[in-house]
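The values are calculated or read from the model by the stated rules, or taken from the named source; none is laboratory data. Values in this document were obtained by computation on a predicted structure and should not be read as measured data. Note: ideal-geometry Cβ built from the backbone for every residue, glycine included; neighbour counts use all protein chains shown. Ligands, DNA and RNA are excluded from the accessible area calculation, which covers all protein heavy atoms including side chains. Shrake-Rupley method; radii C 1.70, N 1.55, O 1.52, S 1.80 Å.
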Amino acid sequence: MIGINLKKILTYPFVLLVRFYQTAISPFTPATCRYSPTCSHYTIEALQKHGLFYGGWLALKRIFSCHPWGGSGYDPVPEKKNK
């Protein structure tokens, strides 16, 4: 139980930053994300599902692949691996 709350506390500021981007910046820029879900939605889901470190790594990997020579299409956040 403590691990879940700590994960939420650690990821919350980053989720807020992405939500700020989604509401204050993204509406004023052209839609250029090549993936579904968008990179910002992917980032939030990855952080919530996997936590700050692995979720952050997945988000960075996704953002850096979002360019004309990168991938495109449907790319969901991977499920958590059972240990």
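Output the number of the condition that K81 fails; it satisfies all remaining conditions of (1) charged (D, E, K, R); (2) without any contact (Cβ under 8 Å) to a residue 24 or more places away in the chain; (3) in contact with a Cys (Cβ under 7 Å, 6 or more places away or on another chain).
(3)
Look through K61, K80, K49 and report the one residue that is open to solvent by 40 Å² or more (accessible area, probe 1.4 Å) and either modelled with pLDDT under 90 or aromatic (F, W, Y) (or both). It would help to see each step written out before you state the result.
Working: K61 fails: either modelled with pLDDT under 90 or aromatic (F, W, Y) (or both); K49 fails: either modelled with pLDDT under 90 or aromatic (F, W, Y) (or both).
One residue alone meets the criteria, K80.
Among the residues of the stretch 39-78 satisfying the criterion of being among the hydroxyl-bearing types (S, T, Y) and touching a residue at least 12 places away in the same chain (Cβ under 8 Å), which is nearest to T11 (Cα to Cα)?
From the stretch 39-78, those among the hydroxyl-bearing types (S, T, Y) are 40, 42-43, 54, 65, 72, 74; that's our starting set.
Going one step further and asking which of them are touching a residue at least 12 places away in the same chain (Cβ under 8 Å), we end up with 40, 42-43, 72, 74.
Details: S40: 14, Y42: 14, T43: 11, S72: 26, Y74: 24 Å.
Once the filter is applied, the top-ranked residue is T43.
Of the residues C39, C66, which is surrounded by 15 or more Cβ atoms within 10 Å (Cβ to Cβ) and at pLDDT below 90?
Only one candidate passes the filter, namely C66.
Is it the case that the stretch 1-12 has a residue that's exposed (fewer than 10 other Cβ atoms within 10 Å of the Cβ) and polar (S, T, N, Q)?
yes
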